[in-house]
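Have a look at the structure below, then the notes.
The values are calculated or read from the model by the stated rules, or taken from the named source; none is laboratory data. No experiment lies behind these values; they were computed from the predicted model shown. Using ideal geometry, Cβ is built from the backbone for each residue, glycine included, and neighbour counts are taken over all protein chains shown.
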Amino acid sequence: MIEATGLTKRYGPTLAVDDLSFSVSAGRVTGFLGPNGAGKSTTMRMMLGLDRPTAGDVRIGNRHYDELDHPLRTVGALLEAGWVHPNRSARNHLRWIARSNDIPDRRVDEVLGLVGLTSVAGKRAGGYSLGMQQRLGIAGALLGDPEVLLFDEPVNGLDPEGIHWIRELMHTLAGEGRTVFVSSHLLSEMAQTAQDLVVIGRGKLIYQGTTDDFVASATARTVRVRSPQLPELKQALTRREVSFDESDGALTVSGMDSDAVGELAFAAGVTLHELAPQRGSLEQAFMQLTGEAVEFHTGEPTPD
């Protein structure tokens with residue numbers, strides 16, 4: 001479990017993280033979201049003792065990171081995949097890390113196999129593609145078989161197969177009871193990966209809770225209805241003062257759930273060919289709830 005309390009970080013006059021408090025539970029994949037400049041990377045660096053908080057506290061399993069005897073056995077992290085020495089092989093890079101935490105060499109080959117790098121483990125890391133570097137960084141995070149995992153933009157450079165793989169890996173790790181905390185700008189991917197969210201803007205907490213509740217709180221739920229008796233259905237909805245839009249031979253009904261729409265249609269003697277609840281997307285919810293926290297706004301295109 002991760003617990004941040006009143007976490008604050010100043011760089012001179014710049015307030016990067018502002019009295020931020022949140023918790024990350026074990027057995028769940030928690031997404032860490034926010035606009036550029038929101039303070040996500042700074043927060044993750046403070047978790048790992050790479051930056052010292054100006055105020056507040058962050059603990060991993062009730063301990064500060066610098067209090068851990070063999071930190072890689074408790075916390076695995078991928079913050080920057082490209083920090084490998086270019087002339088060192090992937091295997092030797094991981095062996096070097098393993099020896100610093102008394103991790104046996106056999107674990108190196110285990111994680112190389114897990115991330116799919118066994119066949120290139122003896123090659124110079126400087127010749128790796130971005131996707132291969134990401135896999136090597138993930139191998140380093142897994143090296144100590146840790147209880148807590150922190151990933152910052154883990155799918156950068158990965159192809160669709162690799163993205164599917166890391167998504168399933170994170171679900172597996174959480175299913176084993178581990179704490180998985182992942183930051184990403186790919187909201188469509190986070191919608192499929194994260195069960196919980198911590199959302200920040202300008203260093204402040206905007207939301208903490210489940211992904212479903214975040215989307216539901218910011219976007220309207222509607223119901224799509226198709227019927228060979230649309231005029232009769234529209235009359236029934238109008239009598240109940242229910243709003244709807246019509247397009248492509250279907251109605252999008254607002255203000256009623258699918259059960260209520262189905263019961264209304266049945267009472268009106270209307271046959272339905274489709275009755276499908278619709279919900280907003282994580283991207284829509286994110287844009288709505290973080291709009292005021294965006295540091296850099298793009299301008300509207302100027303007409304010719």
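In table form, for the structure just shown:
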{"read-out": "For GLY137: the one exception among (1) modelled with pLDDT of 95 or more; (2) within 25 Å of GLY37 (Cα to Cα)", "value": "(1)"}
{"read-out": "Search result, residues across segment 244-270 that are modelled with pLDDT of 90 or more, surrounded by 12 or more Cβ atoms within 10 Å (Cβ to Cβ) and part of a loop (DSSP other than H, G, I, E, B)", "value": "ALA268, VAL270"}
{"read-out": "Selection from segment 69-87 of residues that are surrounded by 15 or more Cβ atoms within 10 Å (Cβ to Cβ), in contact with a strand residue (DSSP E or B) (Cβ under 7 Å, 6 or more places away or on another chain) and of a type outside the set (Val, Ile, Thr)", "value": "GLY76, ALA77, LEU78, LEU79"}
{"read-out": "Matching residues in segment 121-154 - criterion: being aliphatic (A, V, I, L, M) and either touching a Lys or Arg at 6+ places or on another chain (Cβ under 8 Å) or over 30 Å from VAL58 (Cα atoms) (or both)", "value": "ALA121, ALA125, LEU130, MET132, LEU143, VAL148, LEU149"}
{"read-out": "Subset of segment 45-95 that is in contact with a Leu (Cβ under 6 Å, 6 or more places away or on another chain) and part of a strand (DSSP E or B) - its residue that is nearest to VAL108 (Cα to Cα)", "value": "GLY76"}
{"read-out": "Tally, over segment 245-274, of residues that are touching a residue at least 24 places away in the same chain (Cβ under 8 Å) and either of a type in the set (Asp, Glu) or in the same structural domain as THR193 (by TED's automatic domain parsing) (or both)", "value": "2"}
{"read-out": "Contacts under 9 angstrom Cβ, first residue in segment 1-30 being farther than 25 Å from GLY175 by Cα and assigned by TED's automatic domain parsing to the domain that holds LEU205, partner of a type in the set (Lys, Arg) and part of a loop (DSSP other than H, G, I, E, B), 6 or more apart", "value": "LYS9/ARG52; LEU15/ARG202; ASP18/ARG202"}
{"read-out": "Segment 19-44 - residue that is in a strand (DSSP E or B) and aliphatic (A, V, I, L, M) and, of those, surrounded by the fewest Cβ atoms within 10 Å (Cβ to Cβ)", "value": "VAL24"}
{"read-out": "Subset tally (residues that are surrounded by 16 or more Cβ atoms within 10 Å (Cβ to Cβ) and farther than 24 Å from LEU79 by Cα) for segment 183-220", "value": "4"}
{"read-out": "Looking only at segment 223-243, and only at residues there that are in a strand (DSSP E or B) and not aliphatic (A, V, I, L, M), the one that is modelled with the lowest pLDDT", "value": "ARG224"}
{"read-out": "Residue check for LEU114: among the aliphatic types (A, V, I, L, M), closer than 20 Å to MET44 by Cα, at pLDDT 90 or above and in the same structural domain as LEU186 (by TED's automatic domain parsing)", "value": "no"}
{"read-out": "Test: residue in segment 24-38 that is more than 17 Å from the chain's Cα centre (by Cα) and of a type in the set (Lys, Arg)", "value": "no"}
{"read-out": "Output for segment 148-182, where each listed residue is under 15 Å from GLN133 (Cα atoms) and part of a loop (DSSP other than H, G, I, E, B)", "value": "GLU153, PRO154, VAL155, ASN156, GLY157, LEU158, ASP159"}
{"read-out": "Which numbered condition LYS234 misses (of (1) farther than 30 Å from LEU20 by Cβ; (2) assigned by TED's automatic domain parsing to the domain that holds ASP152; (3) free of Cβ contacts under 8 Å to residues at least 24 places away in the same chain)", "value": "(2)"}
{"read-out": "Exclusive hit being part of a helix (DSSP H, G or I) and acidic (Asp, Glu), set ASP145, ASP109, ASP102", "value": "ASP109"}
